[in-house]
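Asks: Starting off with a structure, shown below.
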Amino acid sequence: MIWATALGLVCADLTARSGTLGPALAVHFINNIGALIILAADDWLYGAALFVWPTYGEPWVPWIPFEALFLFTVWLAARLALRR
């Protein structure tokens, strides 16, 4: 639930800055690509992933800082692109 809230805040900020839903849709798409295709867990939808990390039924809590850094990087790149 925290991750969805963070993504929602990022998308809301980009929508407010740009006045359109385009950048928010792009960030959401990149987030989904990152979660499903670039790096996925071994318990669900990992068939197309480039990298699979074994979770062995453990929670994804150790990966939250990396996911947050990924979201921050995408948000910052979008904000810099909107500034131009």
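Asks: For region 40-56, indicate whether the set of residues that are at pLDDT below 90, under 25 Å from Arg83 (Cβ atoms) and of a type outside the set (Lys, Arg) is non-empty.
Replies: No, there is no match, as no residue in region 40-56 is at pLDDT below 90, under 25 Å from Arg83 (Cβ atoms) and of a type outside the set (Lys, Arg).
Asks: Separate question: Taking the residues in region 5-16 that are out of contact with any Pro (no Cβ under 8 Å at 6 or more places or on another chain) and in contact (Cβ under 8 Å) with a residue 24 or more places away in the chain as candidates, determine which candidate is surrounded by the most Cβ atoms within 10 Å (Cβ to Cβ).
Replies: Val10
Asks: Taking the conditions exactly as written (surrounded by 15 or more Cβ atoms within 10 Å (Cβ to Cβ) and at pLDDT 90 or above), does Ala24 satisfy them or not?
Replies: Against the criterion (surrounded by 15 or more Cβ atoms within 10 Å (Cβ to Cβ) and at pLDDT 90 or above), Ala24 qualifies.
The values are calculated or read from the model by the stated rules, or taken from the named source; none is laboratory data. These numbers were taken from a predicted model, which means no experiment stands behind them. Note that we place each Cβ from the backbone using ideal geometry, even for glycine, and neighbour counts take in every protein chain shown.
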